[in-house]
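Since every read-out is calculated from the coordinates, none of them should be taken as a lab result. No experiment lies behind these values; they were computed from the predicted model shown. Cβ placement follows ideal geometry from the backbone for every residue including glycine, while neighbour counts extend to all protein chains displayed.
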Amino acid sequence: MIQHAAASCGSGRPTPLTNPPRTDGDPPATWLRRALGRPSGGGVAHWLHSFSLHVATGFVAVAAHYALMYALLRAGQGAVTASACGFVAGAATRFALSYAHIFAPTQGVHAAGARFAIAIVAQLAANSALLAILTQQGIAVWPAQVITTVTLTFANYLVYRWWVFR
C-alpha cells in the first residue's frame, strides 16, 4: 500500500493513498482501448481525440522515417535524398495507421489511398523544400528535420481530416 507523507503530518500516522474511483467499472485495458481506438462523436472532444491519435501514430511514422533516413545517411546518401526516402517509409506507416485507427473514411481504401498519394507528393515537396532551406541556412540536418516534421504535422492533420479520409 502506498503511503502519502504529507497526509501524515497532523496525525502522526500515514494515510493510505488510493486510486480515484472508476465510475464505469472498466479495467485499465478497456480504458486504453477506448483511448487508442478510432474517435467517435463530434465536437471539440472528438477533434482533440483524433488529433492526439494523429500525433501518437505520427511518432510511429516518424520512427520509420528517421530510421531509414539514418541508415541512408550512414550509407553516404545526401541529406535531402535520405530524408525523402525516409518520408515515403513514414508515409506508408501513417496511411495504414490513419486509415485503420484515426479517421472514419467515407469511401474505400482505394479512394483514400489515391487522395493520400496526392497529399504525400505535396507533403514530400514541402518536407524536402523546408529541409533544404533550413540546412542551407546553416541548421544541422537533424534539428532541421525535427523543425520540418513539427511544422508539417498540423497541416498534414487538416489535409487528412478534411480531404484524404473524409
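Evaluated on segment 43-164, the Kirkwood hydrodynamic radius is 14.8 Å, with distances taken between all distinct Cα atoms.
Other residues whose C-beta falls under 14 angstrom from the C-beta of Ala119 contribute a net charge of +4, scoring Lys and Arg +1 and Asp and Glu -1. Using the Cβ-Cβ distance between Ile139 and His46 with R0 set to 25 Å, the FRET efficiency works out to roughly 0.10.
When each of the peptides 139-151, 91-103 is scored by how many other beta carbons lie within 10 Å of its residues on average, the order from highest to lowest is 91-103, 139-151.
In plain terms, the chain from Thr81 to Ala155 could stretch by 24.4 nm, reckoned as 0.36 nm per residue minus the Cα-Cα distance.
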